[in-house]
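Engineer: This is the structure, below, for whatever I ask next.
Each value in this text was obtained by applying a stated rule to the coordinates, not by laboratory testing. Just so we're clear, the structure is a prediction, and the values are computed from it rather than from any experiment. Ideal geometry is used to build each Cβ from the backbone, glycine not excepted, and the neighbour counts take in all protein chains shown.
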Amino acid sequence: MSQSHLLSLVIWLPVFGGIAVLLAASRGDRVVRWLSLAVSVLVFLVSIPLYTGFDTTTSAMQFGELNEWITRFNVYYRLGVDGISMPLILLTTFTTVLVVIAGWEVIQFKVAQYMAAFLIMEGMMNGVFASLDAVLFYVFWEGMLIPMFLIIGIWGGVNRVYAAIKFFLYTFLGSVLLLVGLIYLYLKSNSFNILDFHALPLGMTAQVLLFLGFLLAFAVKVPMWPVHTWLPDAHVEAPTGGSVILAAIMLKMGAYGFARFILPITPDASHQLDWLIIVLSLIAVVYIALVALVQQDMKKLIAYSSISHMGFVTLGFFVVFNIYQNTHSIKGAAMGMEGALVQMISHGFVSGALFLCVGVLYDRMHSRQIDDYGGVINTMPWFGGLMVFFAMANVGLPGTSGFVGEFMVILATMKAGFWLAFLAGTTLILGAAYTLWMVKRVVFGEVANKHVAELTDLNRREWWVLGTLAICVLALGVYPAPLVDVMHASVDNLVQHVMQSKLE
Amino acid sequence: MNFERPDLLPVLPEIYMLCMACVVLLVDVYSKSESRTLTYLLTQATLFGALILTVSLHTSTVEYTFGKTFVKDPMSDVLKAFIYFITFVVFLYSRRYLHERGLLRGEYFVLGLFAVLGMMVMVSAQSLLLVYLGLELLALSLYAMVAFNRDSKESSEAAMKYFVLGALASGMLLYGMSLFYGAVGTLNMAEIYDHIKLGVDKPMVLRMGLVFIVIGIAFKLGAVPFHMWLPDVYHGSPTSVTLFIGTVPKIAAFGMMMRLLADGFQGMHVEWQSMLIALAMLSIAVGNVIAIAQTNIKRMLAYSTISHMGFLLLGILNGTADGYSSAMFYTIVYAIMGLGGFGMVILLSRAGFEADTLDDFKGLNERSPWFAAMMLLVMFSMAGVPPTVGFFAKLSVLQATVSAGFLWLAVFAVIFSVIGAFYYLRIVKLMYFDRPVDHAPIVAGPDMRLALSANGLAVLLLGIFPGTLMTVCQATLLH
């Protein structure tokens with residue numbers, strides 16, 4: 001049986017492309033930029049067959065690859081995607097192209113290292129989503145921290161060293177407990193195959209301990225309150241491209257960890273402790289939204305908005321138990337989970353776009369403070385229009401992708417409990433509050449000062465990036481079926497699996 | 001009285017090393033060159049020849065000689081091969097450094113070869129006396145190497161501390177050995193093992209002896225609370241000597257621990273396990289925390305060594321084959337990482353300038369992106385971040401620890417690893433995020449550049465393909 005090598009290509013092509021970019025550094029920045037763009041576009045094109053060739057009728061892992069790696073520990077180079085991980089890989093390859101274009105003129109220092117860092121990171125992120133072996137997953141999961149650390153620290157803002165080290169140590173601490181958990185599972189099952197872990201029966205104490213260990217790792221990545229404090233710093237200090245990748249992809253990895261590890265491996269503990277996740281998610285949705293309301297720095301505001309939206313995602317994952325209890329059918333629970341997954345993709349587009357918008361303004365004015373702006377629409381009408389559109393998507397306006405995920409999650413949560421849905425629904429109001437208030441102060445009104453008066457509208461490169469994202473957001477909002485259909489089988493399978501007790 | 005000639009074939013590498021060390025000494029006396037090329041090349045050829053000798057004599061059977069006090073088995077062969085190899089690279093890195101400081105004398109290499117001989121004997125010992133013999137040969141050579149720079153006050157102070165404390169520790173080791181001899185009546189490991197298995201009528205004496213022996217081992221490793229000499233000796237020695245004592249003797253110390261604890265005292269596993277747990281926990285904690293406060297990179301690496309030795313003890317204390325092979329893998333990987341770390345300090349040093357403060361690494365990415373990348377790989381490997389080999393070393397040890405039932409110990413170790421990651425990150429931060437203060441070009445010969453690059457890349461490549469080395473470590477310890 002011949003193996004498809006598509007996933008390996010998607011992982012290793014950007015890594016070796018990044019190394020090639022580093023080697024081409026001596027040929028000048030122009031060559032470096034075009035080479036990076038070529039590599040990222042090539043990787044995106046290579047990843048498209050993952051979607052077109054995807055079989056939506058099965059929940060089994062597709063495009064599988066299996067090779068021996070470390071025989072000493074039964075570690076294999078095992079790859080495969082299902083309906084949950086495949087869209088995330090496409091999101092990664094797509095976003096990297098945009099990030100390469102976005103950094104075209106802004107980055108002048110060590111351009112080759114900048115582009116190479118993003119490309120290598122792209123390969124590793126694809127590796128995280130495609131890995132079906134726990135050690136392979138962990139290698140990519142941790143290894144990704146190195147380029148991100150360098151990106152924040154070298155090309156970041158004033159306080160970048162603090163932000164970079166905080167980001168690294170926070171994430172590292174969570175991850176090492178994940179490692180101990182994975183080692184424990186290996187000793188019980190004598191395999192590092194993640195699918196074997198899914199099937200492994202475990203006692204309740206073991207499940208609870210594993211749940212908490214994994215929770216720390218993934219809660220830091222999502223990020224959930226109260227381990228979220230690294231994100232505002234990292235976002236504010238990172239260069240625009242770094243913020244986009246952080247928001248669009250890295251946060252989704254935490255949520256992916258919930259779906260791939262916590263729920264299937266420790267379903268009983270998840271059931272018992274679902275109230276914990278629901279409470280933390282609702283705190284994120286409500287409290288963090290209030291925090292976002294008082295921010296002065298645009299990037300910080302969008303960072304808190306990200307945390308708030310990710311609260312929706314974790315909520316969607318964990319209301320499944322209550323829904324199933326109340327309705328005894330998996331349809332409602334599956335809808336909640338699908339809503340969470342759609343929200344992940346949508347948030348990837350929308351928050352990426354918002355950070356790019358802030359980047360556009362920052363490139364011109366070198367300030368992210370809301371007070372320094374006002375009436376931008378007068379001098380930058382096209383930009384203003386796009387920014388308002390993305391703000392509406394962030395709020396969850398029907399017709400934009402932000403609506404689809406939120407609607408599905410709230411609808412599903414209704415079956416879990418009225419007050420849960422009520423609190424979750426407050427995001428619609430609070431989200432509108434902080435996003436629209438920011439947009440009003442920055443974009444609308446009279447021209448605030450002479451700096452704003454001198455602003456020039458979007459140039460062609462910025463048009464490409466923001467325009468493409470706008471089309472994606474609109475398309476997903478108006479016709480989400482191509483995305484949702486892909487997920488059906490895998491989500492149904494996951495919910496079925498989670499509902500069955502796994503106690504020894 | 002019967003005297004049977006011992007089988008000399010298993011000890012051929014040792015005989016060879018002894019003879020060649022004397023040859024190098026004599027050749028050096030008559031060689032006139034200022035740069036000691038002949039001596040250096042002869043030394044490297046010796047090490048290479050010893051490697052060939054050990055590899056060609058390698059069999060998977062265990063051979064005893066000298067009245068069963070000396071053993072040649074797969075573990076001793078593998079450890080010796082790595083001892084030769086890493087010493088080879090150590091001398092390669094050291095040559096220019098020594099030359100600039102007027103320390104390039106033939107005696108340096110002779111002392112080094114005698115140290116290697118001591119290590120070879122330690123690793124192959126099956127008698128308590130032979131362990132002590134090898135240990136002292138190693139230690140005396142190292143004391144002299146530390147004191148090599150007679151005009152330096154720091155070196156002399158470091159040598160004094162090393163010598164006095166080392167003598168004390170050796171004395172404790174010997175006292176422990178004498179207690180064993182008194183209780184059991186023999187110095188031979190195999191016989192001691194049998195006696196312990198059968199049960200001894202003076203168990204307290206054995207326990208006392210074990211405590212003193214563990215103290216001696218702990219000192220040599222640099223485990224807390226017997227670690228006080230390490231930072232001062234690492235800091236005060238010339239960096240090339242620090243490079244030597246920071247890498248190769250750790251492999252020998254691992255071999256010594258295996259011979260003593262696993263071969264001889266395996267029956268008393270419960271007793272020495274609890275001692276090693278305490279040593280490991282303290283080392284991991286103290287090493288990681290105090291390294292944060294250091295501004296001198298040699299001291300920082302010294303404290304990092306202490307924490308790594310804690311991990312090594314973690315692997316050994318399990319007492320299972322899994323644990324031993326993971327500890328072996330960890331030791332070898334640590335020696336390679338230490339080579340890279342101290343090698344970088346030597347790379348950045350010039351005549352009249354020691355690159356041993358943290359600030360000397362500032363802005364290295366702008367001065368030399370390639371070597372900054374090499375140091376980045378070494379630093380992340382020491383922190384245990386994939387995809388470098390340091391991660392797999394930690395993974396093996398943690399796996400052995402959890403499988404032996406010490407889950408909480410594994411959690412303790414990883415939490416302190418995260419605390420310790422900070423000072424490795426700090427080096428990366430200085431190299432990449434700061435502007436350089438020292439703009440001088442890096443003076444290093446092509447041989448050193450090539451070797452250091454290979455060193456750094458090995459850290460990455462072994463991290464992507466660790467399987468072979470892991471299987472080797474597992475296979476050698478199957479007896």
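Engineer: Over chain B, how many percent of alpha carbon pairs lie in each 10 Å bin up to the one with the longest distance?
Structural biologist: 4, 21, 32, 27, 12, 3, 0, 0
Engineer: Roughly how crowded by other chains is peptide B:397-405, in terms of the mean Cβ count from those chains within 10 Å of each of its Cβ atoms?
Structural biologist: Shielding by partners across B:397-405 averages 3.
Engineer: Can I ask one more? Taking 22 Å as R0, compute the FRET efficiency from the Cβ-Cβ separation of residue B:321 and residue B:457 and round it to 0.05.
Structural biologist: It comes out at approximately 0.10.
Engineer: Something else: Using 0.36 nm times the number of residues separating residue B:228 and residue B:99, minus their current alpha carbon distance, what extension gain do you get?
Structural biologist: That works out to 43.4 nm of additional length.
Engineer: Follow-up. In this model, which of B:161/B:394; B:161/B:220; B:72/B:394; A:252/B:429 are farther than 23 Å apart at the alpha-carbon?
Structural biologist: Values: B:161/B:394 32 Å; B:161/B:220 13 Å; B:72/B:394 29 Å; A:252/B:429 27 Å.
Exceeds cut-off: B:161/B:394; B:72/B:394; A:252/B:429.
Engineer: Additional query: Using θ = phi - 60° and the Karplus curve 6.51 cos²θ - 1.76 cosθ + 1.60, what whole-Hz ³J(HN,Hα) does each residue of the range A:230-243 get, with Gly and Pro shown as x?
Structural biologist: 6, 5, x, 4, 5, 5, 5, 7, 5, x, 3, x, x, 4
Engineer: Here's another thing I want to ask about it. So what are the ³J(HN,Hα) numbers for the range A:430-441, from phi and the Karplus equation (6.51, -1.76, 1.60; θ = phi - 60°), rounded to whole Hz, Gly and Pro as x?
Structural biologist: The phi angles translate into 5, x, 4, 4, 6, 5, 6, 5, 4, 4, 4, 6 Hz.
Engineer: Separate question: Report the Cα centroid-to-centroid distance between the range A:189-249 and the range B:308-378 in angstrom, as an integer.
Structural biologist: The two parts, judged by their Cα centres, are 29 Å apart.
Engineer: Related question: Note the per residue figure in Å³ for the convex hull of the C-alpha positions in chain A.
Structural biologist: 130 Å³
Engineer: Still on this model: If you average over every viewing direction, what projected area does the convex hull of the Cα atoms of the range A:249-293 give, in nm²?
Structural biologist: Values: hull surface 14.4 nm².
For the Cα atoms of the range A:249-293, the hull's average projected area reads 3.6 nm².
Engineer: Give the share of C-alpha pairs in each 5 angstrom bin for the range B:1-105, from 0 to the last occupied bin, in whole percents, shortest bins first.
Structural biologist: 2, 11, 18, 19, 16, 12, 9, 7, 4, 1, 0, 0
Engineer: Given 4 °C and 1.567 mPa s, compute D for the range B:168-318 with the Stokes-Einstein relation, Rh being the Kirkwood radius over Cα pairs; round to the nearest whole µm²/s.
Structural biologist: 81 µm²/s
Engineer: Using the beta-carbon distance between residue A:471 and residue B:295 and R0 = 45 Å, what value does 1/(1 + (r/R0)^6) give for FRET efficiency, to the nearest 0.05?
Structural biologist: Using R0 = 45 Å, I get an efficiency of 0.25.
Engineer: Taking amide H positions as placed in the peptide plane 1.01 Å from N, state which residues far from residue B:224 in sequence (5 or more) or on other chains have amide H under 5 Å from it.
Structural biologist: Residues meeting the criterion, in which the H sits 1.01 Å from N, are B:283.
Engineer: Report, in deg cm²/dmol and to the nearest 500, the calculated mean residue ellipticity at 222 nm for chain B, where each DSSP H run with n ≥ 4 adds -39500 (n - 2.57) and the sum is divided by the residue count.
Structural biologist: -25000 deg cm²/dmol
Engineer: Using a simple charge model, +1 on the beta-carbon of Lys and Arg, -1 on the beta-carbon of Asp and Glu, nothing else, what dipole does the range B:237-374 show about its Cα centre, in debye to the nearest 20?
Structural biologist: 180 debye
Engineer: Give, as a single signed number, the net charge of other residues whose beta carbon lies under 13 Å from the beta carbon of residue B:249, with Lys and Arg counted +1 and Asp and Glu -1.
Structural biologist: Computed value for this residue: +1.
Engineer: Which value, in debye to the nearest 20, gives the size of the charge dipole of the protein assembly as shown about its Cα centre, when Lys and Arg are +1 and Asp and Glu are -1 at the Cβ?
Structural biologist: My answer is approximately 1000 debye.
Engineer: To continue, here is another question. To two decimal places, what compactness ratio does the range A:31-143 give when its Cα radius of gyration is scaled by 2.2 N^0.38 Å?
Structural biologist: The reported ratio for this selection is 1.19.
Engineer: At a Förster radius of 22 Å, what calculated FRET efficiency corresponds to the Cβ-Cβ distance of residue A:478 and residue A:379, to the nearest 0.05?
Structural biologist: 0.10
Engineer: Follow-up question, since we're still on this one. Pull up the cross-link candidates among the aspartates and glutamates for residue B:153, meaning alpha carbon to alpha carbon under 13 Å and not fewer than 8 places away within one chain.
Structural biologist: B:232
Engineer: Please compute the Cα-Cα pair-distance distribution of the protein assembly as shown with 10 Å bins starting at 0, giving whole percents from short to long.
Structural biologist: P(r) over the protein assembly as shown, rounded to whole percents: 2, 11, 20, 21, 18, 13, 9, 5, 1, 0, 0, 0.
Engineer: Still on this structure: Could you check how many percent of all C-alpha pairs in the range A:367-504 are farther apart than 18 Å?
Structural biologist: Working: 6369 of 9453 pairs.
Summing the P(r) tail past 18 Å for the range A:367-504 gives 67 percent.
Engineer: Between residue A:204 and residue A:34, what is the label-to-label distance in nm when each label sits 7 Å out along the Cα-to-Cβ direction?
Structural biologist: 6.7 nm
Engineer: Give me the percent relative contact order of chain B, please, defined on Cα pairs under 8 angstrom at least 6 residues apart.
Structural biologist: Relative contact order, chain B: 14 percent.
Engineer: Separate question: Which net charge results when you count Lys and Arg as +1 and Asp and Glu as -1 among the other residues whose beta-carbon is under 12 Å from that of residue B:298? It would help to have the intermediate numbers written out before the result.
Structural biologist: On the way: positive: B:299; negative: B:154, B:232, B:354, B:356, B:360.
So the environment of residue B:298 carries a net charge of -4.
Engineer: State, to one decimal in nm, how far the label point of residue A:328 lies from the label point of residue B:60, with both points 7 Å from Cα in the Cβ direction.
Structural biologist: The modelled label-to-label distance comes out at 6.2 nm.
Engineer: On to the next question. Positive end of the dipole of the protein assembly as shown, charges at C-beta (+1 Lys, Arg; -1 Asp, Glu), about the Cα centre: which of A:213, B:380, B:251 has its Cα farthest in that direction?
Structural biologist: B:380
Engineer: Something else about it: Please give the per residue volume of the convex hull enclosing the alpha carbon atoms of the range A:99-161, rounded to a whole number of Å³.
Structural biologist: For the range A:99-161, the hull spanned by Cα atoms encloses 81 Å³ per residue.
Engineer: Based on alpha-carbon centroids, what's the gap between the range B:228-300 and the range A:322-373 in Å, whole number please?
Structural biologist: With the range B:228-300 and the range A:322-373 each reduced to a Cα centre, they are spaced 50 Å.
Engineer: Something else: So what's the gap between the Cα centers of the range B:41-85 and the range B:144-173, to the nearest angstrom?
Structural biologist: 29 Å
Engineer: With viscosity set to 1.567 mPa s and temperature to 4 °C, compute the Stokes-Einstein D of the range B:65-157, Rh being the Kirkwood radius across alpha carbon pairs; µm²/s, no decimals.
Structural biologist: 90 µm²/s
Engineer: Just to be sure I follow: if Rg is taken over the C-alpha atoms of the range A:226-354 and Rh is the Kirkwood radius over the same atoms, what is Rg/Rh?
Structural biologist: 1.00
Engineer: For the range B:196-337, with the dipole built from +1 on Lys and Arg beta-carbon atoms and -1 on Asp and Glu ones, taken about the Cα centre, which of B:332, B:235, B:260 lies farthest toward the positive end?
Structural biologist: The listed residue farthest towards the positive side: B:235.
Engineer: Moving on to the next point. Within the range A:293-313, find all residues whose amide N lies under 17 Å from a label point positioned 7 Å from the Cα of residue A:369 along Cα-to-beta-carbon.
Structural biologist: In the range A:293-313, the label zone of residue A:369 (backbone N under 17 Å from the point 7 Å along Cα→Cβ) covers A:294-301.
Engineer: With 18 Å as the cut-off, how large is the P(r) tail for the range B:374-479, expressed as percent of Cα-Cα pairs?
Structural biologist: Distances greater than 18 Å cover 62 percent of the Cα pairs.
Engineer: Residue by residue through the range B:193-200, what is 3J(HN,Hα) from phi via Karplus (6.51 cos²θ - 1.76 cosθ + 1.60, θ = phi - 60°)? Round to whole Hz and write x for glycine and proline.
Structural biologist: 4, 5, 4, 5, 4, 6, x, 10
Engineer: Could I ask something else about it? How much length, in nm to one decimal, is gained on full extension between residue B:353 and residue B:278, taken as 0.36 nm per residue of separation minus their Cα-Cα distance?
Structural biologist: Length gained, residue B:353 through residue B:278: 23.0 nm.
Engineer: Expressed as a whole percent, how much of the Cα-Cα distance distribution for the range A:337-414 exceeds 20 Å?
Structural biologist: Roughly 40 percent, once rounded to a whole number.
Engineer: Give the Kirkwood hydrodynamic radius (Å, one decimal) of the range A:22-74, defined as one over the mean of 1/r across all pairs of different Cα atoms.
Structural biologist: Taking the inverse mean of 1/r over all distinct Cα pairs, the range A:22-74 comes out at 14.9 Å.
Engineer: Another one. Among A:265, A:298, A:192, flag the residue with its Cα farthest along the positive direction of the charge dipole of the range A:189-302, charges on Cβ as +1 for Lys/Arg and -1 for Asp/Glu.
Structural biologist: Highest projection toward the positive end goes to A:298.
Engineer: Sequence-distant or interchain residues sharing an amide H contact under 5 Å with residue A:443, placed H: which?
Structural biologist: It is A:375, A:376, by chain and number.
Engineer: Something else: Report the charge-dipole magnitude of chain B in Debye, nearest 20, computed about the Cα centre from +1 at each Lys and Arg Cβ and -1 at each Asp and Glu Cβ.
Structural biologist: Numbers: 29 positive and 29 negative charges, 124 e Å.
Using Cβ point charges on Lys, Arg, Asp and Glu, chain B gives about 600 debye.
Engineer: Between residue B:350 and residues 5 or more places away or on another chain, which pairs have amide H atoms under 5 Å apart, with H built 1.01 Å from N, and which residues are they?
Structural biologist: Result for residue B:350 returns B:355.
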